[in-house]
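First the structure, in the form of structure tokens, and then the observations on it.
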Amino acid sequence: MRRIILAGNWKMNQTPSQAQVLLEELKNSLPATKHTVAVFPPYLALTQAVAAGEPFLVGAQNCHFEDKGAFTGEISLPMLSEIGVKAVIVGHSERRQYFGETDETVNKKTLAVLRAGLIPVICIGETLPQRESGAYAEVLKGQLCAALSGVSAQQVPYVVIAYEPVWAIGTGVTASAQQAEEVCAMLREQLGLLYDADRALQVSILYGGSMNAGNAASLLEMENIDGGLIGGASLKPAEFAAIVQAANDVKEARV
């Protein structure tokens, strides 16, 4: 069965020393859970996160798709694997918006992460004009199909999809639980068309649009929402703990 994942994307926040303090505060605040709790710190704080141990699955916020080479400023998957990283965010909307990430590079990174034996957390999402025009369904299906090009049926259960409506990131606006469920159900249906219904049911689909302590329960109650890719709230131990508790309350533990 697909896992329930509560993943904190710290973005460009926390120095290594600050990260160590935050990790300790999180460990002291989080309720016991059988769900997966993940943290995605900046590169320089990854070793602190790995050293923190349970309950964290540690991921990176980006990677390069080549193992080595003349790519100044980039970080490779062998580098991440060696320090104990287990997952990588691929194609976050901020990477697409500010750093030129394309469907092609998202696909290359997805394939590279899988080859490295790590978990790709593939982000897809629509802008406000795409949402308002009604074109969002085709946009999202296109992003999903492009990201998964060349991913085999055997590999796809190891992929995580994060639906992040761009219009709801950092704006304080959140998609309603019904809006989020509609999209996540559509994405699962598309996975079934690309692979098969059984494979589609094995893929965790997260909501990534400003999940917080106030809306987590209503979002997590939805059948096709298997957790959250959480931004600002993941930097606040009490709030992140409340989200994990909400998942405990409304989601059956899955292994």
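Okay, residues lined up against (1) within 17 Å of the chain's Cα centre (by Cα); (2) over 15 Å from Arg2 (Cα atoms); (3) among the acidic types (Asp, Glu):
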position: Ile169; (1), (2), (3): yes, yes, no
position: Thr174; (1), (2), (3): yes, yes, no
position: Glu182; (1), (2), (3): no, yes, yes
position: Asp198; (1), (2), (3): no, no, yes
Does at least one position in region 156-164 carry a residue that is within 25 Å of Thr105 (Cβ to Cβ), open to solvent by 40 Å² or more (accessible area, probe 1.4 Å), in a helix (DSSP H, G or I) and among the hydroxyl-bearing types (Ser, Thr, Tyr)? yes
Please work out if Tyr207 is more than 19 Å from the chain's Cα centre (by Cα) and within 24 Å of Glu104 (Cα to Cα). no
Looking only at region 63-86, decide whether some residue is closer than 23 Å to Ala200 by Cβ, of a type in the set (A, V, I, L, M, F, W, C) and modelled with pLDDT of 95 or more. no
So Gly150 clears everything in (1) open to solvent by 30 Å² or more (accessible area, probe 1.4 Å); (2) over 23 Å from Arg2 (Cβ atoms) except one condition, right? Which one? (2)
Being touching a residue at least 40 places away in the same chain (Cβ under 8 Å) and in a helix (DSSP H, G or I) is the filter; apply it to region 108-135 and report the residue that is most open to solvent (accessible area, probe 1.4 Å). Lys108
Being under 23 Å from Glu252 (Cβ atoms), surrounded by fewer than 20 Cβ atoms within 10 Å (Cβ to Cβ) and out of contact with any helix residue (DSSP H, G or I) (no Cβ under 9 Å at 6 or more places or on another chain): is that true of Ala185 here? yes
Condition first: open to solvent by 50 Å² or more (accessible area, probe 1.4 Å) and in contact (Cβ under 8 Å) with a residue 40 or more places away in the chain. Now tell me which residues in region 1-28 satisfy that. Met1, Arg3, Lys11, Asn13, Gln14, Glu25, Asn28
In region 188-204, how many are in contact (Cβ under 8 Å) with a residue 60 or more places away in the chain and open to solvent by less than 10 Å² (accessible area, probe 1.4 Å)? 2
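The values are calculated or read from the model by the stated rules, or taken from the named source; none is laboratory data. Source: prediction; values computed, not measured. In this analysis, Cβ positions are derived from the backbone assuming ideal geometry, glycine residues included, and neighbour counts consider all displayed protein chains. Surface accessibility is based on the protein's heavy atoms, side chains included, excluding ligands, DNA and RNA. Shrake-Rupley method; radii C 1.70, N 1.55, O 1.52, S 1.80 Å.
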